[in-house]
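The values are calculated or read from the model by the stated rules, or taken from the named source; none is laboratory data. Keep in mind the model is a prediction, meaning the values are calculated, not measured. Here the Cβ is made from the backbone with ideal geometry for all residues, glycine too, and neighbour counts use every protein chain on show.
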Amino acid sequence: MRGRASRLSAGDLTSSSMILHPASAFLQRHSRRFPHSLPGKRVTDTFNLPFSHQRETGSISSGPHLNSPISLSLFSPFLSAHIMGNGPSFGMIATVVWYREGNASYGKAGYEEAAKARFRPDDIPDRFTGKRVLVTGGNQGIGFEAAKWLAELGAEVHLACRSLPRAQDAKAAMQAAVPGAVVEVHALDVGEIAAVKRFAEDFKSRYNRLDVLINNAGCMPTERTTTSEGREAIMACTMGGTYLLTTLLQPLLARTDSAPTAGRVINVSSGGMYTVSLPDAKKTDLNFQSVSKYDGRLFYAVAKRLQVTITEVMAKRDPEKRVLYHSMHPGWAATEAVKTSINDFYESKKDMMRTARQGADTIVFLATSSKVDDQPSGQFWFDRQAVRTHLPGAGTASTPAQDESLFESVRSYVEPPGQ
């Protein structure tokens with residue numbers, strides 16, 4: 001049966017998807033007990049360097065600073081611990097570091113600091129005329145702000161939304177704010193695999209080129225929710241539908257002789273993915289049917305981790321960079337969806353949260369900037385720079401073989417054997 005789903009964009013959920021889980025509550029109660037240094041401990045027991053100097057296997061070393069070191073020795077018993085027993089779980093070390101990094105860098109002050117330090121006037125072009133952009137879940141929040149910004153630059157913007165009336169309202173709002181904006185709307189529930197297939201075929205029949213695909217749609221139901229096809233809603237929308245839509249639209253995005261510029265795919269992920277590991281492909285049911293206790297926040301984080309991995313694997317399988325693949329997270333942004341759906345979090349963080357437009361900044365940068373052309377495909381971005389995909393000491397890193405195995409599991413998820 002279908003449960004009640006909270007339908008928010010992926011970007012809107014970034015600021016909220018992880019903050020209220022048990023480990024975060026523990027952190028809020030005991031954060032003052034985390035010493036900045038401990039006498040007699042080895043240097044390697046503490047994080048006393050900026051994150052830009054920390055590495056974990058397979059990660060990118062750049063990233064925001066964490067000014068206060070955290071003692072690993074305090075949390076060593078939790079390095080391999082699970083919070084939820086069987087199945088996926090939050091990592092204690094990862095959660096501690098993520099929570100403190102979020103307070104330091106994911107809010108408005110972090111954005112303003114990044115803008116002052118490294119944003120340049122030519123990062124985003126003055127015009128993006130003649131480009132066609134498709135945004136899923138673009139009727140509200142960060143997705144709406146990204147779409148409106150691109151319309152301001154002159155792009156032809158397509159909104160693919162579950163609710164067509166809301167998409168039409170968003171179109172009207174954009175055109176009122178941007179006279180002359182070219183905005184088209186489409187009905188699409190990304191969590192319904194058959195609907196994604198129909199949409200992709202229709203879109204390809206009507207258009208011969210797509211310059212940018214922004215996979216922004218997401219959901220985080222509070223109880224187990226299934227699609228009409230029987231798939232768990234979070235995984236169906238955030239992981240399965242995102243992968244399938246990207247795959248089916250690749251022919252329109254790919255660089256060709258007649259379209260010499262590679263199209264771009266931007267997967268709007270969540271910083272919450274830092275708190276979880278990649279599931280074991282051989283043991284994990286991607287519909288989470290074997291998990292006794294449903295936790296939408298946890299499964300959303302897992303889906304976002306998978307989304308980042310899918311981005312990386314797609315990039316590796318396209319060494320000629322016919323399409324550029326990137327994932328990003330927008331930080332903690334104040335949106336109406338966050339305010340109404342998780343009001344406790346909003347009330348506790350509203351004074352430090354960034355605006356929805358600030359959250360959309362890196363999406364627009366990745367969609368338009370020529371500075372991205374020379375960057376490796378498949379990277380994870382935050383505030384206009386590529387950052388590592390695993391927090392230092394968190395133990396969440398996976399091997400290339402594990403990444404490939406999960407990627408094949410996702411392929412089977414949307415195209416079961418025999419179909």
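When Ala333 is tested against the conditions (1) more than 30 Å from Thr256 (Cβ to Cβ); (2) more than 19 Å from the chain's Cα centre (by Cα), the lone failure is (2). Contact map, the range 156-184: residues that are among the β-branched types (Val, Ile, Thr) paired with residues that are surrounded by fewer than 15 Cβ atoms within 10 Å (Cβ to Cβ), Cβ distance under 9 Å, separation 6+ or inter-chain. Pairs shown: Val183/Ala172.
Residue check: Arg255 meets all listed conditions (1) at pLDDT 95 or above; (2) within 18 Å of Ala367 (Cβ to Cβ); (3) more than 22 Å from the chain's Cα centre (by Cα) but one, namely (1). Counting only helices (runs of 4 or more DSSP H) wholly contained in the range 60-120, the ones carrying 1 or more residues that are modelled with pLDDT of 60 or more occupy 92-101, 108-118.
Picking from residues in the range 195-233 that are polar (S, T, N, Q), crowded, with 18+ Cβ neighbours inside 10 Å and over 19 Å from the mean Cα position of the chain (by Cα), the one that is nearest to Arg162 (Cα to Cα) is Thr227. Confirm whether Leu298 is among the aliphatic types (A, V, I, L, M), farther than 27 Å from Pro125 by Cβ, more than 13 Å from the chain's Cα centre (by Cα) and surrounded by 23 or more Cβ atoms within 10 Å (Cβ to Cβ). Judged against the criteria, Leu298 is a match. Residue count for the range 151-192 satisfying the condition of being within 21 Å of Gln307 (Cβ to Cβ), touching a strand residue (DSSP E or B) at 6+ places or on another chain (Cβ under 9 Å) and outside any strand (DSSP E or B): 5. Pairs are defined by a Cβ separation below 6 Å, a sequence spacing of at least 6 or placement on different chains, a first member in the range 274-294 that is within 14 Å of Ala401 (Cα to Cα), and a second member that is of a type in the set (Gly, Ala, Ser); the pairs so defined are Leu278/Ser398; Ala281/Ser405; Ala281/Ser409. Can you find, within the range 234-277, the residue that is surrounded by the most Cβ atoms within 10 Å (Cβ to Cβ) among those that are over 30 Å from Leu391 (Cα atoms) and of a type in the set (Ser, Thr, Tyr)? That would be Thr261.
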